[in-house]
Amino acid sequence: MIRNQEKNGSWFGRWGISYIYGTWAALTGLKAVGLSSNHPTIKKAAKWLLEIQNDDGGWRESCKSDIVKQYVPLNASTPSQTAWALDALITVYDKPTPAIDQGLQRLIDFGSENDWRSSYPTGAGLADVFYTNYHS
């Protein structure tokens, strides 16, 4: 896992779009097997997630990331990507941080919104061919 970490701190994920999902899966997995939050790999990944957090508190990634194999931001936060980033950060940090609090508020706010962000596909089937939406 550590050898597959991107230089920016992220990981590519296969079933979700793409680097937020992969970084969530890697961080929660590495923490589950006992890697310390102080380990350079964990710190670098958490730093990357914090760097890409939107001003509205959420996270976003375009399906284009799956095609070009590098992080491509979307123009707005999405619920599932915000939840993945939050879960990863909550796994890393022992207590709430301002970034986590802002992300939680963004996730709560999604509950009263119903627009294209709620149906934007963040699940990867086949790059540039087939994508799915996570409804939860």
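Values in this text are rule-based calculations from the coordinates and carry no lab data. Just so we're clear, the structure is a prediction, and the values are computed from it rather than from any experiment. Note that each Cβ is placed from the backbone with ideal geometry, even for glycine, and that neighbours are counted across all protein chains shown.
Results, tabulated for the structure shown:
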item: Rounded to whole Hz, the Karplus (6.51, -1.76, 1.60) HN-Hα couplings of region 59-64, x for glycine and proline; result: 10, 8, 8, 7, 4, 4
item: For the chain, Kirkwood radius (reciprocal of mean inverse C-alpha pair distance, Å); result: 14.8
item: Spin-label pair residue 3/residue 51, simplified geometry with 7 Å Cα→Cβ offset, distance in nm; result: 2.4
item: Amide H contacts under 5 Å for residue 16, placed H, 5+ residues apart; result: 124
item: Loop-resident sites, region 1-35, for trypsin sites (Lys or Arg not before Pro), counting at most 16 other Cβ within 10 Å (DSSP); result: 7, 14
item: Normalised contact order of the chain, rounded percent, pairs of Cα under 8 Å and 6 or more residues apart; result: 25
item: Extension reserve of the residue 101-residue 118 stretch, reckoned as 0.36 nm per residue once the Cα distance is removed; result: 4.1 nm
item: Residue with peak Gaussian network fluctuation, the chain [Cα springs, cutoff 10 Å], from 82, 41, 122; result: 41
item: Coordinate range along principal axes, alpha carbons of region 50-93, Å, largest first; result: 31, 20, 18
item: Rounded to the nearest 20 debye, dipole of region 2-132 from Cβ charges on Lys, Arg, Asp, Glu; result: 600
